[in-house]
Every structure is written in structure tokens, then in C-alpha cells.
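Notes follow once the structure below has been shown.
The values are calculated or read from the model by the stated rules, or taken from the named source; none is laboratory data. Quick caveat: nothing in here was measured; it's all calculated off a predicted structure. All Cβ positions, even for glycine, are placed from backbone atoms using ideal geometry, and neighbour counts span all protein chains on display.
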Amino acid sequence: MKITKLFVSFLLIFTLFFTGFAIETYNGGDFLITFDKLSDSVYNDNINSQFKFSIKNIDSKILKYNVNIDNVSGWDIIYDSNIVLKPGQTKDIYIDFVSNSDFDFSSSVISSDIIKITQNEDYSGIFEFPILINSDKNINNSISLKYTIQILEKEKLPVKYITKISTGDISPKSSLKYTIYAKNLETVQTVNIQLLLDDKILNDFNEVFSLSNNYKIFSQDISTELVPGIYNLKIIIKLSDDEGKYTIWEESKKILILKYSNLKEELTFKKSLLKDIYEIHLHNFGNVKEIYDKELEMGIVKYLFFGSNYDYKNTDNGIKFDLELAPSEDKVLIYYFSYLGIYIILFIFLLLIIYVYYRKNSNPLDVETKIYEIKTVVYEGVKSLKIRIGFENIKESQIDDIKIVFRMPIYLNIKDNSFLLSEPKKVLKGKSQYKLIWEFKNFEKNDSRILGFALINNKGILGDIKLPDLEIEIKIKGKIRKYYKSFQTIKG
């Protein structure tokens, strides 16, 4: 027994002596390992330990490193076995050795529903854990370490809450992770935990620790409202006693919140007779300002019907939007093609057609035009023809004035003495055509007239002849309206 205690004392002195010195070892070219100690002493009421070492890539390439530790009965060994480092990069690795329900005290009490009930207060022992570290570049060139855990007999020690903050990436995509270990705990305790970021409370909650649940892993989401940068993180643990006094443990660390870009868009489309509407719902899930850049190709015709709820720029191919979104900001971009203008134009055009049709078909006169006795000569064409115009008042009780205007090409002549019943009141000659005008007054209902004459061309006219429309001007109660009547085409 004395020899054992003497050995333990020597081991503690040896461990304390080397604790203040960093030890380095490397595998000959790929990486360098740095650590402070290769042993730890724990008490038998809470058997767990953590080994920390740093690994540095001293190669010129990105390498993957592997940490291999054989399983040991009664122990949970928790560590990151997959490590990827850039050239010159260093990373801290933590290996947690935690005893589980299979740990053999030689005289322990085992229960099926909880991990531990008691432990052997006289238990002590030594465990050694070989650790093998290598790189994928050269698996056979490894570094071998041996971590030793000395388990000592239980002593009455004050409770201590130990916080460790993860060194992993932190952003709205990657949460802040940290662990809290209640050391030397014998009873159930409820503690208050506060997370402060630059002295602003990030989270405030209570947590229960017990002998069987004294090690907990926590995760804290990072809001997109926190801009990227370096922050001072402080974790405060408060334990209140029966008198209302607090025991406080604090852990502080500088953390870097990385930039995170995540702009989401969702398109919806609505179609109607008057509009085609496109809605783009935008949300910035990142923690940096985003610019939504969208260009729409369109021709000049489509551009005439285009509209939007945001300003845009004209480009060679169409139009372009540039929308700025702050972190956590929502925007709805709406652009549309309105066809109301087309419908208005079509409606006006329809009204015009109706008006023309009405004017043409509301003529109170029943008008008949006829071309007959067309004489043609081979190789000379049309020599002569006769025209008859008949009209009758079938609607109005009385028409004050009627003016009939007949137009004909200047290359045609009127045959002498060929007028039937009434000769034109006026004959006007223009540069390209003649105009014959008949005028009648007080034209009562069922009154009718027939006009007729013959047209000749001594030289003949080759090709088809299309006479201008007959113009009919009617005056009723001071209002003048014009109507038109077409002639048949004369085939040459």
C-alpha cells in the first residue's frame, strides 16, 4: 500500500513538472504534433479526462489526417477522427475519455435503469490509451502517443463547472457549439446559463446537472442580424444556494462570425384577361447585404405593355432589376404585362367599324348602281359602257337636299346626248378625274330618280377599270350626312 501511494505521488509530481512545457513531435515531413501533457489524474467518483493536442500541416498540399484509438471496455472515447488541413494550418483536437456503465470498479453496484449508483470509494487504477496519428499521404509514417489516466481515491472537492467553446466555423448556417462539465458533482443542481456577445445577452436559460448527467453539449443558433466580424463571447454559469448567494463561473473567448450568403427566390404567376402578373418573393437568409440582379429580355412591342412595382434600367436586350436586400429582409418584386391598352384600341377600332357600317347602312335612300352594255375590242380593250344610277327615298318623310357625286377617270369621256332624264348640275374637271354633280330638293318618301349616261374612249382601255365610289350627300333638318356606294369592277 505504501509503495502504491509512493508511486502515485511520484506520478503526480512528474505530471506537474511537465505540465508547463509544450512538447512537439513530428512524423518526418507531413505534420507536427504539439501537446502539453500525456497524462491526467482524476478521482474515482467522476472518471473522465480530456487530452488536447494541436496538429499542424507542414506539407505543401491539403492533407487529411486520421486519429485512431482502440476501444477500451468501460470507456467512451469521443473525438474527431477526420481532420482536413490546408498547408500551414493548425487545429486543436480534443479527445474526451468518459467512463460508462460498463466500467469495472471490481466492487461496483450495477443498475439497469441508471448509469451509476455508487462507486468503490477505495478504487484506484491506471489506464493507458495508445493513440495513432497519420496522414492519407503516408499512412505508414505515423506518430504514436500514449495517454495515461491515473484514477485516484475520492476526496471531497468543491463543485466546478468547466466550459469549453468549439473552434468550428460560426455563422447562421453553422451554430455556436460549447460544452459544460460539472466536476465533483454529488447532488442534482440547477444552474443559470447566460451567453453574452459583446456584453449583449444572446441567450439566458436554466439547466439541470446531476451525477449521471454532468456533461452536456449545447448549440446556439446565430441570427442573421449579427453582422460578420469578431465578437467577445462570454459564458456565465450561476449557482444559487439556500441563502440566495451565487457562485459564478465564467469563460470568455474571441469568436469569428463568418459571412454567409443565402438569397432565396420563389416565383408565382397569375394570368387574367387584362394582365399577366409575375411575383418574385425574395428573402435574404444570410447575414450580409445581397443584390438581386435579374434581366428580362423583351422586344419593343412587349415593352409597351410592361410595368413593375420597382424601378428598372433599360438594356440592349430588355430591362434589368437591381434590388438590395438587408439581412433577414423580405421583398416582393412584381412585374406585369397589361393588355388593357390593346383592348381599348380594339374597342375604339370596333366603334369606328360600327360607325362606318352604320353610316353606310343608315342611308335613307335605296341606291342601285349598274354598269352595262360594255363594248370591248380585241387588243384595244374597253371602248364604251353605260352607267345607270337609281335611288329611292324609303325611310325619311322628306329629305331637304340630295347631292349625287359621280367621279370618273379623266381618260373617259361622256357620250353626247347620253344623259337620261336629268343632266348633272355641275361638271368639274380635275388633274386626274372628272366630277359630275346632281342636286335634288324636297325629296319626299317613295320619290325616286334614275340617272344614266354613256362613257366612251375611242382609243380603248386595256385592263380592268375600277370607278371611284358614288358619293351621296343628304341634308335632313339641317344635318348633312354622306354615304358611299361602290360600282362593280369592269373587266378589260
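Would a scan of the range 218-228 turn up a residue that is of a type outside the set (Val, Ile, Thr), assigned to a strand (DSSP E or B) and loosely packed, with under 12 Cβ neighbours inside 10 Å?
yes
Give 336, 357 a once-over and let me know the one that is surrounded by 12 or more Cβ atoms within 10 Å (Cβ to Cβ) and of a type in the set (Phe, Trp, Tyr).
Exactly one residue qualifies, and that residue is 336.
Restricting attention to the range 207-238, which residues are over 38 Å from the mean Cα position of the chain (by Cα) and under 14 Å from residue 161 (Cα atoms)?
207, 208, 209, 210, 211, 213, 214, 215, 216, 236, 237, 238
Are there any pairs, at least 6 apart or on different chains, whose C-beta atoms fall under 6 Å, with the first in the range 269-295 and without any contact (Cβ under 8 Å) to a residue 60 or more places away in the chain and the second hydroxyl-bearing (Ser, Thr, Tyr), and if so, which?
The qualifying pairs are 269/278; 277/336; 278/335; 279/268; 282/292.
Which one of 395, 386 is touching an Asp or Glu at 6+ places or on another chain (Cβ under 6 Å), farther than 16 Å from residue 471 by Cα, of a type outside the set (S, T, N, Q) and touching a residue at least 40 places away in the same chain (Cβ under 8 Å)?
Answer to the check: 386.
This table checks each residue for (1) under 21 Å from residue 368 (Cβ atoms); (2) without any contact (Cβ under 8 Å) to a residue 24 or more places away in the chain; (3) buried (at least 17 other Cβ atoms within 10 Å of the Cβ).
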residue	(1), (2), (3)
390	yes, no, no
402	yes, no, yes
406	yes, no, yes
410	no, no, no
419	yes, no, no
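Report yes if some residue within the range 37-44 is under 17 Å from residue 134 (Cβ atoms) and modelled with pLDDT of 90 or more; otherwise report no.
Scanning the range 37-44 turns up no residue that is under 17 Å from residue 134 (Cβ atoms) and modelled with pLDDT of 90 or more.
Quick one: which of 340, 365, 385 is within 30 Å of residue 278 (Cα to Cα) and of a type outside the set (D, E, K, R)?
Exactly one of 340, 365, 385 is within 30 Å of residue 278 (Cα to Cα) and of a type outside the set (D, E, K, R), namely 340.
Here are some residues: 238, 289, 245. Which one is closer than 30 Å to residue 204 by Cα, surrounded by 12 or more Cβ atoms within 10 Å (Cβ to Cβ) and out of contact with any Phe, Trp or Tyr (no Cβ under 9 Å at 6 or more places or on another chain)?
Sole residue among the options that is closer than 30 Å to residue 204 by Cα, surrounded by 12 or more Cβ atoms within 10 Å (Cβ to Cβ) and out of contact with any Phe, Trp or Tyr (no Cβ under 9 Å at 6 or more places or on another chain): 289.
One line per residue, one yes/no per condition, for (1) under 22 Å from residue 99 (Cβ atoms); (2) out of contact with any helix residue (DSSP H, G or I) (no Cβ under 8 Å at 6 or more places or on another chain); (3) at pLDDT below 95:
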{"site": "178", "(1), (2), (3)": "no, yes, no"}
{"site": "181", "(1), (2), (3)": "yes, yes, no"}
{"site": "185", "(1), (2), (3)": "yes, yes, yes"}
{"site": "194", "(1), (2), (3)": "no, yes, no"}
{"site": "205", "(1), (2), (3)": "no, yes, no"}
{"site": "209", "(1), (2), (3)": "yes, yes, no"}
{"site": "216", "(1), (2), (3)": "yes, yes, no"}
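In the list 332, 377, which residue meets the criterion of being of a type outside the set (Gly, Ala, Ser), closer than 30 Å to residue 451 by Cα and touching a strand residue (DSSP E or B) at 6+ places or on another chain (Cβ under 7 Å)?
377
Taking the condition of being part of a strand (DSSP E or B) and either modelled with pLDDT under 85 or over 16 Å from residue 43 (Cα atoms) (or both), how many residues in the range 93-110 meet it?
Qualifying residue count, the range 93-110: 3.
Return the total of residues in the range 319-334 being part of a strand (DSSP E or B) and at positive phi.
Counting residues in the range 319-334 that are part of a strand (DSSP E or B) and at positive phi gives 0.
Name, by its number, the condition in (1) of a type in the set (Ser, Thr, Tyr); (2) within 17 Å of residue 144 (Cα to Cα); (3) modelled with pLDDT of 90 or more that does not hold for residue 49.
So residue 49 meets the others, but not (2).
Are any residues in the range 153-182 crowded, with 17+ Cβ neighbours inside 10 Å and of a type outside the set (Val, Ile, Thr), and if so, which ones?
Of everything in the range 153-182, those that are crowded, with 17+ Cβ neighbours inside 10 Å and of a type outside the set (Val, Ile, Thr) turn out to be 154, 161, 164, 166, 171, 172, 176, 178, 181, 182.
Which one is surrounded by the most Cβ atoms within 10 Å (Cβ to Cβ) among residues in the range 29-78 that are over 28 Å from residue 212 (Cα atoms) and small (Gly, Ala, Ser)?
Residue satisfying both the conditions and the ranking: 54.
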